[in-house]
1. Going by how many other beta carbons lie within 10 Å of each one, how would you line up A:LYS36, B:LYS144, fewest first?
2. What list do you get for B:THR187, B:THR236, B:THR135 if you sort them by fewest beta carbons within 10 Å?
3. Could you state the per residue volume, in Å³, of the convex hull enclosing the Cα atoms of chain B?
4. Loop sites only, by DSSP: take the GluC sites (Glu not before Pro) in chain B that have at most 15 other C-beta atoms within 10 Å and name the longest stretch containing none of them.
5. Hey, got the dipole for segment B:120-266? About the Cα centre, +1 on K and R Cβ, -1 on D and E Cβ, debye to the nearest 20?
6. Suppose we keep just the alpha-carbon trace of the protein assembly as shown; what are its Rg and Dmax in angstrom?
7. Note down the relative contact order for chain B as a percent, whole number, built from C-alpha pairs under 8 angstrom at least six residues apart.
8. Determine the distance separating the Cα centre of segment A:1-72 from the Cα centre of segment B:14-85; give it in Å without decimals.
Amino acid sequence: MITFSFDGKHIEAEPGQTVGAALIAAGHRSWRLTRKDGKARGIFCGIGVCFDCLATISGGPNQRACLTEVRPGDVVETQEGAGHGDLAC
Amino acid sequence: MSWKHRKGPDMAISPADGSYDIAVLGAGPAGLSAAAAAAAQGSRVVLIDAAPRPGGQYWRHRAGEDRLPAPLRAALEAVTFLPSHAIWHIERTDSGFTIHALPDREIDCRTVVVATGAYDRQLPFPGWTLPGVFTAGGVQALLKGQGVVAGNRIAVAGTGPFLLPVAAGLAEAGGQVVGVFEAGRPTAFLRHPLALSRNVSKIFEGAGYLRRLRRYRIPFSTRTTVVQAHGTESVTGVTVARLDSNWTIVSKRRIDCDTVAVGYGFTPQTEIPRQLGCEMVVDADGSLCGQGR
């Protein structure tokens, strides 16, 4: 097993597993809040088409959790809006 | 060959950048076959896919498994394979095309073969954006590709034979499938002898799935579908409606569940041919399809 963090929690993944699958297996269902209404989103299509499952992964926003394989030590964070809040002033 | 490519900003530009005779977009059954055929004729071929492993949806497999037919697996040795690459733009050039893909690649080619496949057609309903509502294909991808059952109590809904293996697979993996709700009337085609005679093996395959559903006591309803998903943070239940032959709601009932797998057949992924200005047509089932150059 490899481990990564999600919003500060330790999560285990099997080698080759995607971030989205590992989060679902750990009982998490959402890791993004929509831009306008802050509604929770997680996996919908699961195959890289719909872009609903975007997350901030190791500092990079807008990563498709359903396609991105976990790397040991990844830091996955719930993405708020477009994921560029750090640019707001 | 580049099996070990990992997606990430630290990945160096490799010799895969450069010039090819043929770029095949999509490493499912069609793309793998096209790449194998082109390579066998001596073409320099690059095969690009967004997923980490070849096989597409049909031959989806877990890391460490191998589900590809041996000839296609062997053919991969003769091409440059770029998994985990997302194509975001293709431009026409004097000598063909330049493909722009993430992470950080520009690939020139004389010919593009689009084999991007299809994804679940959706009919939106109230609550369809709640976490816990998945496409049927997404639930299948989690199971086949990741070894993860998407939920505990699962409603499977939509149209078409794909719903049956999804429900059977979930049950066999330990999920509780509260029902398969098929909006159409799948026996309608039995009245068309030509369609029937051409698809005898499919009928046996379908019968096999129905036997598997019965083994797990999964209710199978026709002319019925999910019309609403309930919950605030995640799915807590669905409203299932009985439909008449025009898909007008006749009656409704509520079922407790935490997961919905829904799909109304499949529709082709057409972003690339549309971006390239290919002529598009509407297929018999209402799908938008590419046609011509």
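1. On the way: A:LYS36 7, B:LYS144 22.
Starting with the residue having the fewest Cβ neighbours, the order is A:LYS36, B:LYS144.
2. Numbers: B:THR187 8, B:THR236 16, B:THR135 27.
Result, fewest neighbours first: B:THR187, B:THR236, B:THR135.
3. It is 163 Å³ per residue.
4. B:66-232
5. Computed charge dipole of segment B:120-266: roughly 580 debye.
6. Gyration radius and largest Cα-Cα distance of the protein assembly as shown: 21.5, 68 Å.
7. 17
8. Cα centroid of segment A:1-72 versus Cα centroid of segment B:14-85: 26 Å apart.
Read the figures in this text as sums done on the coordinates, not as results from a lab. Only a predicted model underlies this, so the values are computations on that prediction, with no experimental measurement involved. A quick note on method: Cβ atoms are made from the backbone with ideal geometry, for glycine too, and the neighbour counts reach across all protein chains shown.
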